[in-house]
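A.B. asks: The structure's right below; bear with me while I get my questions together.
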Amino acid sequence: MSGNIVELTDNNFDSFVESHPLVLIDCWAQWCKPCHMLAPILDELADELAGKVAFGKLNVDENPGISYRFNISAIPTMLIFKNGVLQEPLIGVRPKEDIKRYLLSKM
Amino acid sequence: MTYDVAVLGMGAAGLQAAITAARKKASTLVLGKPEDSALWSAEVENYFGVPRVKGRELVSIAMEQASAFGAELFKEDAIALSKEEGVFTITSESGRLIQSKTLVFASGISRKKLNIPGEKEFFGKGVSYCASCDCNFYKGVPVAIIGEGSEAAISAELMTNYASRVYWIVETPQASEHLKERAVSAGVELVAAKPKEIVGDSKVAALILSNGRRLAVNGVFIELGARSSTDMAMDLGIIPDPEGTIKVDRNCRTGVEAIFACGDITGKPWQVAKAVGEGCVAGTEAAAMARGV
């Protein structure tokens, strides 16, 4: 995992979201194969967009509170927050360029 | 017996891989359903030396050719793959276990979208394309599985461990009797109809069927076709890209030892010529590796 991705939990989620202007959180689970397809893409993006977008990763199995709060019913789901406000999430595996374009449009 | 080469997919790439490998005296088995290949329903007019031909004619000739060189054709889909001590085990949909020294993925690109109203709108809000990913979110609620092949049968059976009721919407099941029986004995209810529309407010509330019946469900799992190769590839350590394609080098090697890929599954152009070319390379390489030459 990229050093630019922070492991999040139900406990540190809010403070992470609040302390960065633009945040992408990858909601995943160990058994979810598409999540493993997405992971290397987000690793690259986290490095490319370091300093512009803060990347986090949340295991939905271990952190049911956040999954429940954001009504997550499919993984991978990428939650995106701009100045603490939830934007339209990205659901499912997406090509790197699509995710990048979406994030750039939020800057 | 342990085959030298097992090929997944009975289209242009898979059959060419089998022809090439069998001609090189490798014991070869091809799994798949020829009618599921993209070539089967295509009309081809840009293939070398052939002015115009129906895809199914090419496939049928290639099947005979592969058999004539000694390849075994087995018209079933693989539903699971594993590797132990250098030998691959393939589970077919009837439960047959096949062992092979090498594996060639030639199973094409699967069509996953259903294209009915509500499908796009409710994606991630009750519509899912991955039962094994999202099963946990549907504990104690009714769900519907849409699809005719092995992927739907396996997903329906899986969902009985989570959902309160599991409907399998299937007009003409293509999955094997073995998989169908497993699903039914797990408590899956078969509904012979076509899906027409997915409805709800902010989340899925029901699935409307072509016969007018309204099924109250909170989840709709769209699982078309055979169990996807990309899904099984991941069990062996291959990570496909978001389009579901498997990256290969010029020898059709996937990066995971003894696994090759060819045809549409490796990416565009989705042309018979490219599929056949790659099939030839993959078949040659797999046979050479298995036979240690």
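The values are calculated or read from the model by the stated rules, or taken from the named source; none is laboratory data. Keep in mind it's a predicted model, so treat the numbers as computed, not measured. Here the Cβ positions follow ideal geometry from the backbone for every residue, glycine too, while neighbour counts run over all protein chains shown. The accessibility values were calculated without ligands, DNA or RNA, using every heavy atom of the protein model including side chains. Shrake-Rupley method; radii C 1.70, N 1.55, O 1.52, S 1.80 Å.
A.B. asks: Hey, got the dipole for region B:127-222? About the Cα centre, +1 on K and R Cβ, -1 on D and E Cβ, debye to the nearest 20?
C.D. replies: On the way: 9 positive and 10 negative charges, 60 e Å.
Dipole size: approximately 280 debye.
A.B. asks: So what are the three principal axis dimensions of chain A from its Cα atoms, in whole Å, longest to shortest?
C.D. replies: 29, 28, 25
A.B. asks: How would you rank A:47-55, B:202-210, highest first, on the average number of other Cβ atoms within 10 Å across their residues?
C.D. replies: For the peptides A:47-55, B:202-210, the packing ranking is B:202-210, A:47-55.
A.B. asks: Which ³J(HN,Hα) values, rounded to whole Hz and listed in residue order, are derived for region B:170-181 from phi using the Karplus coefficients 6.51, -1.76 and 1.60 in 6.51 cos²θ - 1.76 cosθ + 1.60 with θ = phi - 60°, glycine and proline given as x?
C.D. replies: So the Karplus estimates, Gly and Pro as x, are 8, 7, 10, x, 9, 5, 5, 4, 4, 5, 5, 4 Hz.
A.B. asks: Of all the accessible heavy-atom surface of chain A, with the other protein chains kept in place and a 1.4 Å probe, what percent is carbon and sulfur? Provide the component values of the computation, followed by the final result.
C.D. replies: Details: 2490 of 4880 Å².
Heavy-atom surface of chain A belonging to carbon and sulfur, 1.4 Å probe: 51 percent.
A.B. asks: In sequence order, what are the phi-derived ³J(HN,Hα) couplings for region A:56-72 according to the Karplus relation 6.51 cos²θ - 1.76 cosθ + 1.60 with θ = phi - 60°, rounded to whole Hz, with x for glycine and proline?
C.D. replies: 3J(HN,Hα) across region A:56-72, in whole Hz: x, 9, 10, 7, 5, 5, 8, 10, x, x, 5, 4, 5, 4, 9, 6, 6.
A.B. asks: Right, something else. Roughly how much accessible area, to the nearest 100 Å², goes out of reach of solvent when B and A pair up, both sides summed, probe 1.4 Å? Before the final figure, lay out each step's value.
C.D. replies: Details: alone 13900 and 5680 Å², together 17960 Å².
In total, this chain pair buries about 1600 Å².
A.B. asks: Antiparallel versus total DSSP beta bridges in chain A: what percent is that, nearest 5?
C.D. replies: Details: 10 of 20 bridges.
Here the antiparallel bridges make up roughly 50 percent for chain A.
A.B. asks: If you don't mind, another one. About its Cα centre, what dipole magnitude does the protein assembly as shown give when the only charges are +1 on Lys and Arg Cβ and -1 on Asp and Glu Cβ, stated in debye to the nearest 20? Spell out each step's value before the answer.
C.D. replies: Details: 42 positive and 49 negative charges, 138 e Å.
Using only the charged Cβ atoms, the result is roughly 660 debye.
A.B. asks: Could I ask something else about it? Using the alpha-carbon atoms, what tilt in degrees (0 to 90, nearest 10) does helix B:150-159 show relative to the longest principal axis of chain B?
C.D. replies: 40
A.B. asks: Which ³J(HN,Hα) values in Hz, rounded to whole numbers, follow from the phi angles of region B:54-59 under the Karplus curve 6.51 cos²θ - 1.76 cosθ + 1.60, where θ = phi - 60° and Gly and Pro get x?
C.D. replies: Per-residue couplings from phi come out as 6, x, 5, 5, 4, 4 Hz.
A.B. asks: Could you state the accessible area per residue of chain A in Å², with a 1.4 Å probe and every protein chain left in place?
C.D. replies: On the way: 4880 Å² over 107 residues.
I get 46 Å² per residue for chain A.
A.B. asks: Pairwise over distinct Cα atoms, reciprocal of the mean inverse distance: report the Kirkwood radius of chain B in Å, one decimal place.
C.D. replies: 19.7
A.B. asks: How much area per residue is accessible in region B:127-222 when the probe is 1.4 Å and only protein heavy atoms are counted (Å²)? Please list the in-between numbers first.
C.D. replies: Numbers: 3930 Å² over 96 residues.
Result: 41 Å² of accessible area for each residue.
A.B. asks: For region B:1-145, what is the percent of antiparallel DSSP beta bridges, rounded to the nearest 5?
C.D. replies: For region B:1-145, the DSSP antiparallel bridge percentage is about 50.
A.B. asks: So which trypsin sites (Lys or Arg not before Pro) in region B:43-133 end up in coil per DSSP with only 12 or fewer other C-beta atoms within 10 Å? Before the final figure, lay out the partial values.
C.D. replies: Values: sites: B:52, B:54, B:56, B:75, B:83, B:96, B:101, B:111, B:112, B:113, B:120, B:125; in loops: B:52, B:75, B:96, B:111, B:112, B:113, B:120, B:125.
Those satisfying the criteria are B:52, B:111, B:113, B:120.
A.B. asks: Round to a whole number: what % of the accessible area of chain B belongs to carbon and sulfur, probe 1.4 Å?
C.D. replies: Carbon and sulfur together cover 50 percent of it.
A.B. asks: Still on this model: For helix B:12-23, report the angle its Cα long axis makes with the longest principal axis of the Cα atoms of chain B; keep it between 0 and 90° and round to the nearest 10°.
C.D. replies: So the inclination is approximately 40 degrees.
A.B. asks: Same structure again: So if the hydrodynamic radius of the protein assembly as shown is defined as the Kirkwood radius over C-alpha pairs, what does Stokes-Einstein give as its diffusion coefficient at 37 °C and 0.692 mPa s, in µm² per second?
C.D. replies: For the chosen part, D equals 146 µm²/s.
A.B. asks: Let me ask something additional. Which aspartates and glutamates, if any, have their Cα less than 15 Å from the Cα of residue B:196, not counting same-chain residues under 8 positions apart?
C.D. replies: List returned: B:119, B:121, B:171.
A.B. asks: Considering only protein heavy atoms, with the full assembly of protein chains and a 1.4 angstrom probe, order A:31, B:168, B:270 by accessible area, largest first.
C.D. replies: Output order, biggest surface exposure first: B:270, A:31, B:168.
A.B. asks: Using 23 Å as the Cα-Cα cut-off, could you pick out the over-long pairs in A:52/B:203; A:96/B:203; B:113/B:268; B:101/B:274; B:120/B:268?
C.D. replies: Over 23 Å apart, Cα to Cα: A:52/B:203; A:96/B:203; B:101/B:274; B:120/B:268.
A.B. asks: Calculated FRET efficiency, residue A:14 and residue B:245, Cβ-Cβ r, R0 41 Å, to nearest 0.05?
C.D. replies: So the FRET efficiency works out to roughly 0.60.
A.B. asks: Can you give me the distance in nm between label points at residue B:112 and residue B:201, each placed 7 Å from the Cα along the Cα-to-Cβ direction?
C.D. replies: 3.0
A.B. asks: Give, ordered by residue number, each residue of region A:49-95 whose 1.4 Å probe accessible area is reduced by a minimum of 30 Å² on adding the remaining protein chains to the chain alone.
C.D. replies: Those residues are A:71, A:73, A:74, A:75, A:91, A:95.
A.B. asks: Would you work out which of B:132, B:207, B:160 lies farthest towards the positive end of the dipole of region B:127-222, given +1 charges on the beta-carbon of Lys and Arg and -1 on that of Asp and Glu, about the Cα centre?
C.D. replies: Ranked along the dipole, the leading option is B:207.
A.B. asks: In addition: Using the reciprocal of the averaged 1/r over all distinct C-alpha pairs, how large is the Kirkwood radius of region B:127-222 in Å?
C.D. replies: Every distinct Cα pair counted, the radius reaches 12.9 Å.
A.B. asks: Next up: With the calculation restricted to Cα positions, what are the radius of gyration and Dmax of region B:174-224 in angstrom?
C.D. replies: For region B:174-224, the Cα radius of gyration and maximum Cα-Cα distance read 12.7, 38 Å.
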